[in-house]
Amino acid sequence: MKIVETIQEVRTEVKQWRQQGLSVGFVPTMGYLHEGHRSLIDRAVAENDRVVVSVFVNPMQFGPAEDLAAYPRDLEHDAAICKKAGASLIFHPQPEEMYHSDFSSYVDMDTLTGGLCGKTRPTHFRGVCTVVAKLFHIVAPDRAYFGQKDAQQLAVIRHMVSDLNFNLEVVGCPIIREEDGLAKSSRNTYLSEAERKAAVILSQSLRAGEALLDAGEQRADVVCRAITDKINSEPLAKIDYVEAVDWNTLEPVETIDGPVLVAIAVYIGKTRLIDNFIRP
Ligand code: AMP
């Protein structure tokens with residue numbers, strides 16, 4: 001497995017694979033890899049001849065008051081995980097490689113990005129779309145793998161791929177959790193011991209919502225209220241949003257009967273965590 005820092009090196013590698021008729025899978029990440037990322041890489045390795053993993057903490061998707069400088073990084077650990085999983089190449093560019101000093105072109109989306117995380121992170125999806133579009137041009141994969149953990153991001157990327165005719169398949173992968181139910185996330189490392197215990201409230205509240213649906217409840221406000229009440233029972237938790245939206249349009253729904261995404265964002269202390277479930 002190689003680790004490269006330049007766009008040219010990625011293109012040279014991929015070109016050689018293409019000349020041999022090999023298929024290419026791609027897993028974009030911000031590094032500090034855990035079993036959630038690993039599940040994406042495993043799937044990519046199973047479905048493609050070669051797999052590229054990008055490790056890039058993309059400055060453009062962080063707001064001015066967000067955790068760009070503090071975001072955890074450990075390339076050696078990431079490389080060990082990628083190698084073990086059978087990835088062929090890590091692309092680890094410096095910010096200057098991705099954004100020249102005169103960089104001024106962006107990918108913006110009018111729909112899907114205004115609600116949910118877009119409300120508190122108004123420039124986030126522009127940063128995500130722009131970097132992912134660039135990475136798609138650089139790697140030119142057959143398939144790209146994204147986690148349902150970031151459900152809005154998955155929907156946005158699918159939409160961008162359709163709108164801009166990227167010639168690749170977007171593969172959505174299930175959420176990988178800790179034993180107590182907390183969704184794995186690089187940001188979990190920010191949590192103190194007490195906060196880590198409190199963070200289980202996210203998945204527990206979603207289970208409470210799912211139990212209501214299983215019992216036949218369909219009213220979105222009733223389900224969201226139950227989730228909200230459960231989260232509010234944890235003193236260290238502060239809700240950013242609890243919403244039920246159409247899984248295709250991300251517009252709020254009143255009745256949970258079609259494909260619906262129930263998504264939450266919750267501050268545990270200063271750390272903002274997200275989780276969700278999808279009702280098909
Ligand atoms: P990140 O490094 O946080 O940008 O995540 C890179 C990719 O890994 C994204 O597609 C995420 O949705 C995915 N991912 C992160 N955490 C998980 C998880 N717990 N389960 C499944 N996929 C995940």
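Quick rundown of the values:
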quantity: Single unsatisfied condition, T6 versus (1) buried (at least 19 other Cβ atoms within 10 Å of the Cβ); (2) in contact with a helix residue (DSSP H, G or I) (Cβ under 7 Å, 6 or more places away or on another chain); (3) not hydrophobic (A, V, I, L, M, F, W, C); calculated: (1)
quantity: Helices (runs of 4 or more DSSP H) contained in segment 132-235 and holding at least 3 residues within 26 Å of Q94 (Cβ to Cβ); calculated: 151-163
quantity: Residue within segment 156-169 that is free of Cβ contacts under 8 Å to residues at least 12 places away in the same chain, surrounded by fewer than 20 Cβ atoms within 10 Å (Cβ to Cβ) and among the hydroxyl-bearing types (S, T, Y) present; calculated: yes
quantity: Test: residue in segment 107-126 that is within 16 Å of L40 (Cβ to Cβ), touching a Leu at 6+ places or on another chain (Cβ under 8 Å), assigned by TED's automatic domain parsing to the domain that holds V10 and within 16 Å of the ligand (Cβ to nearest atom); calculated: no
quantity: All positions within segment 243-280 that are of a type in the set (D, E, K, R) and part of a strand (DSSP E or B); calculated: E243, D246, R272, D275, R279
quantity: Complete set of residues in segment 161-181 that are among the aliphatic types (A, V, I, L, M) and under 15 Å from the mean Cα position of the chain (by Cα); calculated: V170, V171, I175, I176
quantity: Residue identified as modelled with pLDDT of 95 or more and touching a helix residue (DSSP H, G or I) at 6+ places or on another chain (Cβ under 9 Å) among Y241, Y267; calculated: Y241
quantity: Given (1) under 18 Å from V245 (Cα atoms); (2) over 24 Å from the mean Cα position of the chain (by Cα); (3) without any contact (Cβ under 8 Å) to a residue 40 or more places away in the chain, number of the condition A220 does not satisfy; calculated: (3)
quantity: Subset tally (residues that are in contact with a Phe, Trp or Tyr (Cβ under 9 Å, 6 or more places away or on another chain) and farther than 30 Å from D49 by Cβ) for segment 70-113; calculated: 8
quantity: Subset of segment 142-159 (residues that are more than 24 Å from R272 (Cα to Cα) and within 14 Å of the ligand (Cβ to nearest atom)); calculated: R143, A144, R158
quantity: Qualifying position, being over 26 Å from T120 (Cβ atoms) and either within 16 Å of the ligand (Cβ to nearest atom) or in contact with a Phe, Trp or Tyr (Cβ under 8 Å, 6 or more places away or on another chain) (or both), among V14, V24; calculated: V24
quantity: A199 being more than 26 Å from E35 (Cβ to Cβ) and in contact (Cβ under 8 Å) with a residue 12 or more places away in the chain; calculated: no
quantity: All positions within segment 19-56 that are in a helix (DSSP H, G or I) and free of Cβ contacts under 8 Å to residues at least 12 places away in the same chain; calculated: Q19, A46
quantity: Check on E96, of a type in the set (D, E), part of a helix (DSSP H, G or I) and either within 28 Å of V24 (Cα to Cα) or in contact (Cβ under 8 Å) with a residue 24 or more places away in the chain (or both); calculated: yes
quantity: Segment 171-188 residues that are closer than 11 Å to S203 by Cα, paired with ones that are more than 7 Å from the ligand (Cβ to nearest atom) and among the hydroxyl-bearing types (S, T, Y) (beta carbon under 7 Å, 6 or more apart); calculated: R177/S203; G181/S203; L182/S203; A183/S203
quantity: G63 part of a loop (DSSP other than H, G, I, E, B) and either modelled with pLDDT of 95 or more or hydroxyl-bearing (S, T, Y) (or both); calculated: yes
quantity: Selection within segment 153-178 - touching a strand residue (DSSP E or B) at 6+ places or on another chain (Cβ under 7 Å) and within 16 Å of N58 (Cβ to Cβ); calculated: Q153, I157
quantity: Qualifying residue in segment 6-13 (condition: among the basic types (K, R) and without any contact (Cβ under 8 Å) to a residue 60 or more places away in the chain); calculated: no
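The values are calculated or read from the model by the stated rules, or taken from the named source; none is laboratory data. None of these values were measured; they are calculated from a predicted model. Note that we place each Cβ from the backbone using ideal geometry, even for glycine, and neighbour counts take in every protein chain shown.
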